[in-house]
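The values are calculated or read from the model by the stated rules, or taken from the named source; none is laboratory data. Just so we're clear, the structure is a prediction, and the values are computed from it rather than from any experiment. We place every Cβ from the backbone using ideal geometry, glycine too, and count neighbours over all the protein chains shown. Keep in mind that these areas ignore ligands, DNA and RNA; they rest on the heavy atoms of the full protein, side chains included. Shrake-Rupley method; radii C 1.70, N 1.55, O 1.52, S 1.80 Å.
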Amino acid sequence: MRVAILGAGAMGKVLSQMTEEKEGYELAGVVEPLNGETLEALGEVDVVIDFSHPSNLKMLCDYCEGHGCAAVIATTGLEQVHLDMIDELAKKVPVVFSANYSLGVNVMKRVIAEITPILEDAFDIEIVEMHHNKKLDAPSGTAKMLLAAADGDGKYDHVYGREGMRKRGHEIAVHTLRGGTVAGEHTVIYAGEDEIIEVKHRAGSKKIFAAGALKAAAFAGSAEVGYYTMEDVLFG
């Protein structure tokens with residue numbers, strides 16, 4: 001399988017190394033748009049993995065549609081216009097899109113979705129996430145994903161940080177921390193009367209995201225045209 005990587009940042013470097021080392025994968029190239037590089041220079045590939053920036057999404061969509069190749073999209077900080085572009089692309093080629101590609105986080109997401117209905121009447125829910133000091137978007141895409149899992153029916157108000165004096169409402173708050181070289185930490189806290197439950201995931205390195213992206217690439221490379229998530233990749 002020929003894999004192209006869009007974005008030569010920290011994740012792109014880790015992913016390119018793991019692609020070269022993994023049997024059955026061939027690295028077609030790493031494209032860095034900031035250097036004026038384009039996907040078209042690579043010729044034909046089977047899958048493009050995007051760990052770059054929302055501004056590069058149009059290039060990705062144009063290339064994948066034009067060449068009929070699959071896309072694995074791991075970029076966060078996307079707005080509705082970008083999500084609409086992904087939806088349109090998925091009508092033409094296989095697309096896997098997720099805010100987080102680690103196995104652990106996606107298992108955590110399932111756990112949160114299952115236990116929240118059991119706990120919601122007696123527990124307050126808070127989400128805390130921390131990443132390295134170079135991460136631009138806040139809160140993280142993973143925090144938003146966990147928030148959606150906890151509030152699948154849209155029953156809660158969503159609060160991003162707190163300041164000033166006000167009474168807590170029927171809400172889930174998301175708190176963002178940035179500092180150091182933290183690869184990623186996410187905690188969903190259920191605070192009840194005299195007891196607290198915490199569901200936490202800590203990433204030890206960026207390798208876990210690259211490994212998940214390569215698994216998604218293998219899935220997308222043999223999938224029918226359509227929109228897929230890591231739920232489809234990992235759990236069928």
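Structure values in brief
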read-out	value
Solvent-accessible area, 1.4 Å probe, carbon plus sulfur percent, for segment 32-85	51
Largest to smallest accessible area among Y190, Y227, Y25 [probe 1.4 Å]	Y227, Y25, Y190
Anisotropy class of segment 53-191 from Cα gyration tensor, a/c 1.5 cut	prolate
Cα-centred dipole magnitude for the chain, charges only on beta-carbon of K, R (+1) and D, E (-1), debye, nearest 20	580
Residues with amide H under 5 Å from that of V93, placed H, sequence gap 5 or more	G226
Rounded accessible area per residue of the chain, 1.4 Å, Å²	50
Entries in K109/K215; K109/K134; K92/K200; K167/K206 that, when Cα-Cα distance is taken, lie over 30 Å	K92/K200; K167/K206
Shape of segment 73-122, Cα gyration tensor, a/c cut at 1.5	prolate
Area of K13 that stays accessible when all protein chains are in place (1.4 Å probe, Å², to 10)	130
Carbon and sulfur %, accessible surface of segment 167-236 computed with the full protein complex present, 1.4 Å	51
Where only C-alpha atoms are counted, convex hull volume of segment 18-92 per residue in Å³	94
Gyration tensor verdict on segment 108-190 (Cα atoms; rounded if a/c is under 1.5, prolate if a/b is larger than b/c, oblate otherwise)	oblate
